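Below is one structure, written out as structure tokens, with a few remarks after it.
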Amino acid sequence: MKIAFVGKGGSGKTTLSSLFIRHLTANEAPVVAVDADINQHLGAALGLTDEEAAALPALGAHLPLIKDYLRGSNPRIASAEAMIKTTPPGEGSRLLRVNEDNPVYDACARTVRLDDGEIRLMATGPFTESDLGVACYHSKVGAVELCLNHLVDGADEYVVVDMTAGSDSFASGMFTRFDMTFLVAEPTCKGVSVYRQYKEYARDFGVSLKVVGNKVQGEDDLDFLRQEVGEDLLVTVGHSNWVRAMEKGRPPRFELLEADNRCALQTLQDAAEDSYENRDWERYTRQMVHFHLRNAESWGNAKTGVDLASQVDPAFILSEASAVPQPG
């Protein structure tokens, strides 16, 4: 399952996504974690030192390798250079799976050891000096979108993506790539403003959205969130001494996380598992093609000099059935 954590800056989305990743690992689920926020904090929240986090390979820096691998033998894609971030898979494309070894993971993922097991962690990478003033956030996450477009995941496998703060994700089609989106909201007017934006944008695309109330200190906070987000409020999380210790760089073992917060994380996993029952691969593929054609017309054709609409394989539907191992 593909899970996104979103919310305004400072809402706690990175902390909660890291706790969810730890919880899944404790439950023995295979996990690929992706830090898709330019402000790269997920590695630190998972226990990496500053040096280890800084040494994570940047997905964007390996885009040529990613494109060349995913292209495979797809006859509709003449070269890796003709691929853009929205290029959909077709017959002959190589697909990614959560629990496998492949050149993309070799180059772009690093194994992170947690208390209860290991995960793969990938990161978009921060802005570099050469990016300043000439590049935008979306130029960095293109590799993430391309990987998600070619990813086949099963019911008991998880890809957890810590998205950028605010509603920037809607400048690409990546917001439709998830089985469940958890929006982390504080019990304040600013805290729920991103929820209103997400709710409006997501409605037309069938995006499953649930709100996680964070920093909830009492009934008044809970009543506020219930009034503002209604039935989309899934669960709330309060103060955590475990998290405070983690933020000081001295996290106890994860099994010592407060019982209420462990229960909240299980509620998130239960909601994610329920969303899998509504997975519609045909709609997923159709939305992927929709955003590819929009990007092709807007800028892709001019940039590549290719009619990118020709990359769409009308007979191909991404699904677990299409994930047949290929040589190479």
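The values are calculated or read from the model by the stated rules, or taken from the named source; none is laboratory data. Computed from a predicted model, the values in this text were never measured in an experiment. Glycine also receives a Cβ, built like all others from the backbone with ideal geometry; neighbour counts cover every protein chain displayed. Side chains included, ligands, DNA and RNA excluded: accessible areas come from the protein's heavy atoms. Shrake-Rupley method; radii C 1.70, N 1.55, O 1.52, S 1.80 Å.
Out of (1) in contact with a Gly (Cβ under 9 Å, 6 or more places away or on another chain); (2) modelled with pLDDT of 95 or more; (3) surrounded by fewer than 20 Cβ atoms within 10 Å (Cβ to Cβ); (4) within 28 Å of GLU51 (Cβ to Cβ), the odd one out for VAL98 is which?
Condition not satisfied by VAL98: (3).
Taking the conditions exactly as written (crowded, with 18+ Cβ neighbours inside 10 Å and hydroxyl-bearing (Ser, Thr, Tyr)), does THR49 satisfy them or not?
Criteria not met by THR49.
So which pairs qualify, if the first residue must be in segment 13-25 and within 13 Å of GLU118 (Cα to Cα) and open to solvent by less than 10 Å² (accessible area, probe 1.4 Å), the second must be in a helix (DSSP H, G or I) and polar (S, T, N, Q), the Cβ gap must be under 8 Å, and the two must be at least 6 apart or on different chains?
HIS23/GLN266; HIS23/GLN269; LEU24/GLN269
Considering only residues that are surrounded by 22 or more Cβ atoms within 10 Å (Cβ to Cβ) and not basic (Lys, Arg), look in segment 1-11 and name the one that is farthest from VAL192 (Cα to Cα).
Per the stated criteria, the residue is MET1.
Looking at this structure, is LEU293 in contact with a His (Cβ under 9 Å, 6 or more places away or on another chain) and either open to solvent by 70 Å² or more (accessible area, probe 1.4 Å) or in contact (Cβ under 8 Å) with a residue 60 or more places away in the chain (or both)?
no
Are any of the residues in segment 124-141 at positive phi, open to solvent by less than 50 Å² (accessible area, probe 1.4 Å), at pLDDT below 95 and of a type outside the set (Phe, Trp, Tyr)?
Looking only at segment 124-141, we keep the residues that are at positive phi, and these are 125, 133.
Within this subset, residues satisfying the condition of being open to solvent by less than 50 Å² (accessible area, probe 1.4 Å) are 125.
In the following step, the residues that additionally are at pLDDT below 95 were identified as 125.
Those still in the list that are of a type outside the set (Phe, Trp, Tyr) too: 125.
Within segment 124-141, one or more residues are at positive phi, open to solvent by less than 50 Å² (accessible area, probe 1.4 Å), at pLDDT below 95 and of a type outside the set (Phe, Trp, Tyr).
Mind listing just one residue for me: the one in segment 52-75 that is surrounded by fewer than 18 Cβ atoms within 10 Å (Cβ to Cβ) and more than 19 Å from the chain's Cα centre (by Cα) and, of those, nearest to ALA321 (Cα to Cα)?
In this case the residue turns out to be SER73.
Conditions: (1) within 15 Å of GLY191 (Cα to Cα); (2) part of a helix (DSSP H, G or I); (3) open to solvent by 30 Å² or more (accessible area, probe 1.4 Å). ARG244 meets all but one. Number of the miss?
(1)
Quick check: anything in segment 257-270 out of contact with any strand residue (DSSP E or B) (no Cβ under 9 Å at 6 or more places or on another chain), open to solvent by 80 Å² or more (accessible area, probe 1.4 Å) and at pLDDT 95 or above?
No: zero hits.
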